[in-house]
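The values are calculated or read from the model by the stated rules, or taken from the named source; none is laboratory data. The shown structure was predicted, so the numbers you read here are calculated from the model rather than taken from an experiment. Every residue, glycine as well, gets a Cβ built from its backbone with ideal geometry; the counts of neighbours run over all protein chains shown.
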Amino acid sequence: MRSRSLPLLVLLVANLAAAQYKMALPGYHYQFPRDQFNHPEFQTEWWYYTGNLRAPDGHRFGFELTFFRTGLTRNQPQDSTWAARDLYFAHLALSDLDGQHFYHVERSNRAGPGIAGADEKTETIWNGNWQVHLEGDRQELQAVSDQFNLRVTMESKKPPIIHGENGVSQKAEEQGRASHYISLTRLLTAGVIEIENKAYQVTGTSWMDHEFFTHQLEPDQVGWDWLSLQFDNDTELMLFRIRRKDGSIDSFSAGTYVDPRGLSHHLRAGDFTLRPSPETWTSPNSSAVYPIRWQVSVPALGIAGQVRTALPKQEMNARSNLANSYWEGAIDLTGTRAGQRLSGRGYLEMTGYDRPVQLGQ
């Protein structure tokens, strides 16, 4: 699951229109490459890229590029190129881990005459001049901003992973409180990062999440903590825990383990623990207090480790005081599996620490 920072008015309009859209229900039949692209019959959709990259001199970076689509109505006639049936948002962030600097920008558009979208015919997902072009197992990502530029090529070494059970990642008790959730968990990545007219040739690994749904959280679910980890032994792990208003962890928290062959194994809430340590970072912008060190344990897999970040300041701070801020940043894991040393890198997302998340309720 992923986060977004949307104006309250957009959420209110979208909630009123939710009945026009399909819900994420068990039994969905996935097809690729079709399901890598747009699903206008569902109200909310996002494509989420994160990665850990390194220059030849060892300089480390993390990046995030996310494309969001929110449906406002399915009933408006398409008699105008500018008809606003959907809004498209995008977030772009670069974590200069060694330079201890976090850059982030965001934008919003309607589809308009090719301004933003996700099109299977052209195999492209884009918002303005930020885009990802897919071609088989390869993807080309580029994003240009005033602060930095990012251009990388990614090659998937494993097939798409479908999270959850029976085609859905369930988030609450009621039918349809779920998403269809796909990931590419090991994208070998190479390209260029430019910061202040200095270019870094970089290599590393990236992760892609794609979710589409109409409803997800319940009103008493205030936020979530999510992480992805790519281990050095060619396995991957995704975990999320949903936090409730009373301080408890929801039983619909879940995860996925991916073995070296690319086979996925669903994890239920009782199969793992994801526990914050006392170390925190307080945002000077939102005043949110984020735990920046976590203990991870998956007893059935023999995995135990500690997650931490080299850069505490990695908050996507909302421009509007009617929207949520969230922490999204590069992390490292050190630990063991069955008594053997285990290490890896990934991304951690924490939402609902400044105010409860309102998402498809």
Going residue by residue through the range 89-110, is there one that turns out to be small (Gly, Ala, Ser), over 18 Å from the mean Cα position of the chain (by Cα) and at pLDDT below 95? no
Selected residue (only one of Glu41, Glu64, Glu140 is assigned to a strand (DSSP E or B) and in contact with a Lys or Arg (Cβ under 9 Å, 6 or more places away or on another chain)): Glu140
Quick one: which residue in Gln170, Gln139, Gln131 is free of Cβ contacts under 8 Å to residues at least 24 places away in the same chain and either crowded, with 16+ Cβ neighbours inside 10 Å or in contact with a helix residue (DSSP H, G or I) (Cβ under 6 Å, 6 or more places away or on another chain) (or both)? Gln131
Scan the range 180-202 and give yes if some residue there is of a type in the set (Lys, Arg), within 30 Å of Phe148 (Cβ to Cβ) and in contact with a Phe, Trp or Tyr (Cβ under 9 Å, 6 or more places away or on another chain), otherwise no. yes
Hey, does the range 70-80 have a residue that's out of contact with any strand residue (DSSP E or B) (no Cβ under 6 Å at 6 or more places or on another chain) and either at pLDDT 95 or above or surrounded by 16 or more Cβ atoms within 10 Å (Cβ to Cβ) (or both)? yes
Hey, could you check the range 265-305 for residues that are among the small types (Gly, Ala, Ser), within 21 Å of the chain's Cα centre (by Cα) and crowded, with 20+ Cβ neighbours inside 10 Å and say which is farthest from Met350 (Cα to Cα)? Ser286
Index of the failed condition, Arg337 passing every other in (1) among the charged types (D, E, K, R); (2) within 21 Å of the chain's Cα centre (by Cα); (3) modelled with pLDDT of 95 or more: (2)
For the list (1) buried (at least 17 other Cβ atoms within 10 Å of the Cβ); (2) modelled with pLDDT under 95; (3) among the aliphatic types (A, V, I, L, M); (4) over 15 Å from Asp86 (Cβ atoms), I need the number of the one condition that Leu6 fails. (4)
Which condition number in (1) within 16 Å of the chain's Cα centre (by Cα); (2) within 18 Å of Tyr28 (Cα to Cα); (3) surrounded by fewer than 23 Cβ atoms within 10 Å (Cβ to Cβ); (4) among the polar types (S, T, N, Q) is the one that Gln216 fails? (3)
Say whether the condition of being aromatic (Phe, Trp, Tyr) and more than 23 Å from Arg74 (Cα to Cα) is met by at least one residue in the range 139-149. yes
What strands (runs of 3 or more DSSP E) lie completely within the range 255-355 and have 3 or more residues being closer than 22 Å to Phe231 by Cβ? 264-268, 273-276, 293-298, 303-308, 326-337, 340-351
